[in-house]
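The values are calculated or read from the model by the stated rules, or taken from the named source; none is laboratory data. On a predicted model such as this, the values are computed, not experimentally measured, just so you know. Using ideal geometry, Cβ is built from the backbone for each residue, glycine included, and neighbour counts are taken over all protein chains shown. Surface accessibility is based on the protein's heavy atoms, side chains included, excluding ligands, DNA and RNA. Shrake-Rupley method; radii C 1.70, N 1.55, O 1.52, S 1.80 Å.
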Amino acid sequence: MSEKAKILVVDDVETVRRLLKMGLSRSFEVVDAASGEEALAMLGEVRPSAILLDVEMQPGIDGFETCRRIRLHDEFARVPVVFVSAREAIEDRLAGYEAGGEDYVVKPFSAPELVAKLQRLIDSTAERGRLNGLARDASCAAMAAMQSMGEMGALLEVVKQLGTASSVLELADAMVAGVALYGLEACVQLRVATGVLTRCRGGEASPLEVSVMDHLVGMGRLEQFKTRMVINYPVVSLLVRDMPLKDEDRCGRLRDHLTMLVETADVHARALAALALARQRDEEIVRLAVCMTGVLGEVDRAQRDNLVSSRIALENVRQRVDVAYVSMMLTTSQENMLNRALDEGVEELLNSQADISDLQNRLSQMLTDLRRVVGGDAS
């Protein structure tokens with residue numbers, strides 16, 4: 001049996017700590033602390049897989065400051081932190097994001113939901129650690145390449161990569177990788193008909209990152225606050241976390257380059273969405289064509305059977321009239337008159353059937369063409 005992940009619960013209310021331990025202990029090993037200072041002192045010994053952190057704690061430092069101090073330790077900089085608070089305003093969530101948290105849970109909450117969130121963050125952090133290792137290697141190679149070809153060359157390379165993306169996911173990851181060529185951390189959100197996709201350098205964005213991106217989408221085309229900058233287009237939004245404020249010239253170039261990248265990604269995302277819609281329509285047209293082929297096939301068979309039946313019925317009518325002449329004791333002139341009337345009626349009917357036969361042949365040809373278009377297997 002695998003060892004349970006360790007959760008550090010930090011709350012200044014003993015009752016809350018006890019309830020959280022009861023709700024989480026079945027899935028995790030739970031250790032608790034009564035203050036931010038106590039939690040910081042325990043980190044080296046406990047080495048938690050995730051931290052559940054109350055926002056408002058007295059006396060001493062609050063949850064946001066505790067998280068900021070945790071992030072100062074390289075060893076625990078990537079440990080997922082989930083804030084717990086009764087406050088749910090976007091300002092509080094932004095403060096949690098700024099402090100370095102991965103998620104923000106509003107009281108009251110259910111224990112199963114919290115277990116699911118923690119497990120997902122622990123798994124995501126492990127995967128992100130693996131991907132970051134690969135990304136660091138790739139980034140070293142990318143930075144060396146960028147130094148040789150310059151920022152404009154990097155821009156052209158990223159634009160080319162965006163143009164080769166064949167799906168929304170590939171486009172989002174190409175965008176994140178492209179921003180990484182400039183040595184920057186970014187989060188990208190794409191809003192298409194199939195849903196909203198938010199991706200970061202480690203892969204899938206954390207719940208708090210998604211929440212922050214959802215809020216920033218409502219801002220202007222380009223907004224910058226401290227080291228963070230957001231660029232919004234109708235389909236694509238880009239959040240850069242670490243703009244180099246000390247180098248104003250480079251900041252200006254980055255704003256121009258990144259805006260061009262977002263605009264390019266936005267155009268390509270629209271094209272991918274239009275292509276997906278066209279494929280969907282093509283599939284629907286083929287489905288309708290197959291259905292129509294089946295129906296027309298049945299009509300074709302029924303029409304041909306009806307023509308044959310009509311001719312047989314006419315022949316039977318002629319035979320019964322000949323038999324009737326014998327019992328009716330008609331004169332020769334009367335028989336001739338009736339035969340002429342009968343022949344004229346039969347000729348008119350056969351002429352009308354000839355017209356129908358022409359239409360029938362055209363219908364059969366159209367049916368043959370439809371079968372060829374849909375694959376030749378429909379009947």
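Viscosity 0.692 mPa s, temperature 37 °C: Stokes-Einstein D of segment 1-52 from its Kirkwood Cα radius, in µm² per second? If you can, show how the numbers build up before the last one.
Numbers: Rh = 11.1 Å.
For these conditions, the coefficient is 296 µm²/s.
Taking the square root of 5 times each eigenvalue of the Cα gyration tensor, what semi-axes in Å does the equivalent ellipsoid of segment 143-266 have, largest first? Let's see the in-between values first.
Details: eigenvalues 90, 62, 31 Å².
Taking √(5λ) for each eigenvalue gives 21, 18, 12 Å, largest first.
Once you charge only the Cβ atoms, +1 for Lys and Arg and -1 for Asp and Glu, what is the size of the charge dipole of segment 28-127 about its Cα centre, to the nearest 20 debye?
Values: 10 positive and 20 negative charges, 30 e Å.
Dipole size: approximately 140 debye.
Quick one: order Thr227, Thr332 from most to least accessible surface, probe 1.4 Å.
Working: Thr227 50, Thr332 100 Å².
From most accessible down to least: Thr332, Thr227.
Please compute P(r) over all alpha-carbon pairs of segment 184-231, binned at 10 Å starting from zero, and give each bin as a whole-number percent.
Taking all Cα pairs of segment 184-231, the binned fractions are 23, 59, 17, 1 percent.
Let me make sure I get this right: for segment 32-132, a, b and c are the square roots of the gyration tensor eigenvalues over alpha carbons, sorted descending. Under 1.5 in a/c it's rounded, otherwise prolate if a/b > b/c, else oblate. Which is it? Walk me through the numbers on the way to the answer.
Values: a/c = 1.45, a/b = 1.09, b/c = 1.32.
It is rounded, given that a/c, with a ≥ b ≥ c, falls under 1.5.
Please work out the C-alpha center-to-center distance from segment 72-96 to segment 218-265 and express it in whole Å.
That distance is 24 Å.
Quick check for you: with a 1.4 Å probe and neighbouring chains kept, what is the accessible area per residue of segment 5-54, in Å²? Before the final figure, lay out each step's value.
Values: 2270 Å² over 50 residues.
That works out to 45 Å² per residue.
In straight Cα distance, which lysines are under 28 Å from Lys4, not counting same-chain residues fewer than 8 positions off?
Correct list for Lys4: Lys21, Lys107, Lys117.
When the solvent-accessible surface of protein heavy atoms is calculated with a 1.4 angstrom probe, in what order do Asp305, Asp173 fall, highest first? Present the calculation step by step, with values, prior to reporting the outcome.
Numbers: Asp305 100, Asp173 55 Å².
Per-residue accessible area, sorted high to low, gives Asp305, Asp173.
With an 8 Å cut-off on Cα pairs and a minimum separation of 6 or more residues, tell me the relative contact order of segment 28-127 in percent.
Numbers: 115 pairs, mean separation 25.1, N = 100.
For segment 28-127, the relative contact order is 25 percent.
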